[in-house]
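To start, the structure under review is shown below, and the notes come after it.
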Amino acid sequence: MFNFRSWVWLGCLLASVMAPVHAAKFPTETINISGTVNVNKDPTDNGNVPFGRYIFVGSSQYTGPSSLNSHMRMQFDPNTTGTIHWGHIDGHIGLPIGNGFYLVFGIRDERGEIWQSDETQLINVAVKSPGEVMVSVVTDETGTDYVGDFSYNANSIAFINNDVTSSNAVCQKNAAYANDFICAVVGINLHFHVSNSTCQIITAHNMAFIWASLSPSEISNGSAETKTAPVTMRCSNSGGVEPIAVTFTSSTGTYDADQGIVKTSRANLGLQLSWASNGQPVVMDKEIDIPAFATSTEDLSVNAKPVQLGSETILGGNFSTQVTMNIEYR
């Protein structure tokens, strides 16, 4: 007998932001983050959109020079008077943009993601090039009562500074800060569509499944135990017009995406994913449109079963993989 372990992760992505627009030339590179943010508020959360749960993230590439002394600074209209009141968002700092929403700024490069977490108006780390400037849309813990449409536009909400020694040949002088040169200006152009959710996803954000003991013969002959991840969608008054888009991805890649077979950390061993409702394969790495029927409950539960990949022998030992299920309201 061989011991195997599998961890399956499923999460819900309940909003989208459209593809960014990027125009890159410097001195002073222009980075524009544009798109439509569809906010489907869950009434059980009082309209709260916490950081890291709903991924309202837009990004655009930064290709300017890198420096150990570079940073990203928030910039506001010089004609604006008064104090900017930052909001505390689950350990991060958000800039209020109206109707209960905030922007949290960050960068993504070879080191991963770094988000603003203090009130100095700085992301005070070196901006590696090439990298990306990011913005996430959130609310504070009280949420928002707003329902409707609005826009937020700022031509120069932030800029990337570099020190004088590395940047004076290619970047523009920053008149406000004597030793800095501006290598990129960040603009934001977002349109918001905010509505109360007509569909609710009922599931745990994270689920772990363990096969305590499996034999090679159980796997090869198809008799290995099937585990089920319960996911339910309840809709009301949706009119059957707007679909739900579902996408599955795997941390270890796919063996046969159309048949829902993903690889695991152990050679020749995979998991086959299927819909619990009809036994059909869950197609991987492809957007699946599901109608949001009026006043209905849809079973989106997923079955996972260990299977053999190819004809080579499966060696004993632990195995793991992560599967992410993104559910997007349109």
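Packing around the peptides 220-233, 141-154, taken as the average count of other Cβ atoms within 10 Å per residue, puts them in this order, highest first: 220-233, 141-154. Modelled spin labels at Ser117 and Asn155, positioned 7 Å past Cα toward Cβ, are 3.5 nm from each other. These residues, Met207, Met134, go from largest to smallest accessible area, 1.4 Å probe, as Met207, Met134. The slack between His193 and Ser223, meaning 0.36 nm per residue of separation minus the straight C-alpha distance, is 6.0 nm.
Once the chain from Asp299 to Asn278 is taken as fully extended at 0.36 nm per residue, the excess over their C-alpha distance is 6.6 nm. The local environment of Asn268, defined by Cβ-Cβ distances under 14 Å, has a net charge of 0 under the rule Lys, Arg +1 and Asp, Glu -1.
The values are calculated or read from the model by the stated rules, or taken from the named source; none is laboratory data. On a predicted model such as this, the values are computed, not experimentally measured, just so you know. Quick reminder, even Gly has a Cβ in these numbers, built from the backbone with ideal geometry, and neighbours come from all protein chains shown. Note: accessible area is taken over every heavy atom of the protein model, side chains too, but ligands, DNA and RNA are not part of it. Shrake-Rupley method; radii C 1.70, N 1.55, O 1.52, S 1.80 Å.
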